[in-house]
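Chemist: There's a structure below that I have some questions on.
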Amino acid sequence: MTRWLRRALVAIAGALLLLGLNPGAAHAAGSGVSRAAAIKQLEVVRGSIDRTLTLIKEGKADQAFAEAKAGYLSHFEYVEVPLRVANPGLTSDAETKFAEIRGLITSHAPTNQVRDRIVELRRLMDDAERTLTDKGLSAPAVVAGQSFVIIFREGLEAVLLVTVLLGYLESAKATHLRRPIFAGMGLAALASAGTFFLLRSVLSVIPFGREILEAVTALLAVVVLFYVSFWLIARMDQKRWLEFLKAKVWTAVSVGSTSALLLVGFTAVYREGFETALFYQALLSFGDGLGIWVLTGLLIGLAVLAVVAWLIFKLGRRMPIKQFLATAVVLLMSTSIAFLGNAVRSLQEADVIGLHPWNHWPEPPIFVRQSLGYWPSRETIVTQVALLAVYVLGAVYMFVLRPRLDRRTAVSQPRSTAGASV
């Protein structure tokens, strides 16, 4: 009994000595590490991971190993305390990835192998922060709002197209041919949903890293949003599109072709549906942990769209359609800026482009950062500011400069006509 007590006292003394030499370890050993403190440590761990990758690229294996070891032992161990309670599996995966990186460094593995593991570790650090962070109200509201705007804007444009087509049928005394157009619309809605799931399936099997695929999807969405955001370009394209559909309707009515009318209804809706599928793919790619709010925004948007569609059919031009679309365009512009920031950050995490963080900028919770696309670094902020500048300059041209040019042209034309008649 005395021998057992002596050994216990020695063990306790050794543990106290160890904790005395490393006061931080005492804090980590207990339950005193708060989630907020762990999240702050995660920022330090990310910096250590970035420095490890830089040292590996420079061929400084010994320094890279020391950095990787220090990042884990001196900082990530504090994160493990609350993280292990919240998600033991994620904690184990992160520990394994840290160990793999150190093992690859000591074995002088190719730089690409170490980089691939670091890219995976960066993703795990984001997952860890999401696990430790409360969603709050801001991020869900932003994501639900983005989801609402996407479905409402795209759906409203489809409704307007179909309204014009049905009015054209009425003027042609062919209202009995509405049913095929409605059937085509229904098939287009189903095809749009199928396109969304097809995109997700295809992207999941393409042999590229997740970060690359997310970036490519977001950049495609930005390009499409950029195109549809400028009202003049959209209006010109809409005019040509509507003329094309009217010609198809006229041909179908003249020959009494039900299948042609069905195709017109399908074509009128599916173009908007394809854009919608692409936008939601990008939104969900950067909506980890917020999927339920994306769905909430979608359902609310569909409900509001159904009411507005009914009012359009009943009230026609008395609805403030132009104001609806103008507001939606502004919100879509902000969504495209968020997509762009997330796309650039994904390319940074995949080590495709450089990463120069601005550490003194505010760091809101990760759910807010991903919903706004706000990741304070030179690359993300500069590209977002550049896109915002293009939008502002485009708006100045459309709403200030172009009207002045049109007025000058209108004033000069009568004078030219009078001179020609003389």
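Chemist: How far apart, in nm, are two points set 7 Å out from the Cα along the Cα-to-Cβ line at Ile206 and at Ala36?
Modeler: 4.2 nm
Chemist: Going by C-beta contacts inside 10 Å, put Thr52, Thr267 in order with the fewest on the left.
Modeler: On the way: Thr52 26, Thr267 17.
Starting with the residue having the fewest Cβ neighbours, the order is Thr267, Thr52.
Chemist: Separate question: Sort the following peptides by mean Cβ neighbour count (other Cβ atoms within 10 Å, averaged over residues), highest first: 337-344, 42-49. Walk me through the intermediate numbers first.
Modeler: Working: 337-344: 25.5, 42-49: 19.1.
Packing proxy ranking, top to bottom: 337-344, 42-49.
Chemist: Right, another one. What's the whole-number percent of alpha carbon pairs in region 138-400 lying beyond 30 angstrom? Working shown, then result.
Modeler: Values: 11679 of 34453 pairs.
That fraction is 34 percent.
Chemist: Still on this model: On a full-extension model of 0.36 nm per residue, what is the gain between Ile381 and Asp406, subtracting their alpha-carbon distance, rounded to one decimal in nm? Show your work: numbers first, answer last.
Modeler: On the way: separation 25, 0.36 × 25 = 9.00 nm, distance 3.58 nm.
Contour length minus Cα-Cα distance gives 5.4 nm.
Chemist: Assuming 0.36 nm per residue, please report the length gained on full extension of the stretch Val44 to Thr111 beyond their Cα-Cα distance.
Modeler: Taking 0.36 nm per residue and subtracting the Cα distance, the gain is 21.8 nm.
Chemist: So for Met185, Met333, fewest C-beta neighbours within 10 Å to most, what's the order? Mind showing how you got there, number by number?
Modeler: On the way: Met185 24, Met333 21.
Exposure proxy ranking, most exposed first: Met333, Met185.
Chemist: For Met398 and Val307, what is the calculated FRET efficiency with R₀ set at 45 Å and r taken between the beta-carbons, to the nearest 0.05? Working shown, then result.
Modeler: Details: r = 30 Å, r/R0 = 0.67.
My answer for the efficiency is 0.90.
Chemist: Taking 0.36 nm per intervening residue step and subtracting the Cα-Cα distance, what contour gain separates Ala99 from Ile353 on full extension? Don't skip to the end; give the middle numbers.
Modeler: Numbers: separation 254, 0.36 × 254 = 91.44 nm, distance 2.58 nm.
Residue separation times 0.36 nm, minus the Cα-Cα distance, leaves 88.9 nm.
Chemist: Okay, moving on. Between rounded, prolate and oblate, where does region 90-166 land on the alpha carbon gyration tensor, with a ≥ b ≥ c its root eigenvalues, rounded for a/c under 1.5, else prolate if a/b exceeds b/c?
Modeler: Working: a/c = 6.80, a/b = 2.49, b/c = 2.74.
Oblate.
Chemist: Suppose R0 equals 35 Å; then what is the FRET efficiency for Leu315 and Leu198 from their Cβ-Cβ distance, rounded to the nearest 0.05? Can you show the working numbers first?
Modeler: On the way: r = 37 Å, r/R0 = 1.06.
So the FRET efficiency works out to roughly 0.40.
Chemist: Cut-off is 10 Å between beta-carbons; in what order do Ser377, Ser34, Ser204, Ser74 appear when sorted fewest neighbours first? All intermediate terms of the calculation are to be shown ahead of the outcome.
Modeler: Working: Ser377 19, Ser34 13, Ser204 9, Ser74 16.
The fewest-first ordering by Cβ neighbours comes to Ser204, Ser34, Ser74, Ser377.
Chemist: Around Leu305, with a cut-off of 13 angstrom between Cβ atoms, what is the net charge of the other residues, counting Lys and Arg +1 and Asp and Glu -1?
Modeler: Details: positive: Arg153; negative: Glu154, Glu157, Glu272.
Result for the neighbourhood of Leu305: -2.
Chemist: List, in the order given, every pair from Lys60/Lys97; Lys57/Lys135; Lys135/Lys322 whose Cα-Cα distance in the structure shown is over 31 Å.
Modeler: Working: Lys60/Lys97 20 Å; Lys57/Lys135 36 Å; Lys135/Lys322 35 Å.
Checking Cα-Cα distances, Lys57/Lys135; Lys135/Lys322 exceed 31 Å.
Computed from the coordinates by the stated procedures, all read-outs in this text should not be read as laboratory data. In this text, all values refer to a predicted model and were calculated from it rather than measured experimentally. When we count neighbours, we look across all protein chains shown, and the Cβ atoms used for this are built from the backbone with ideal geometry, even at glycine.
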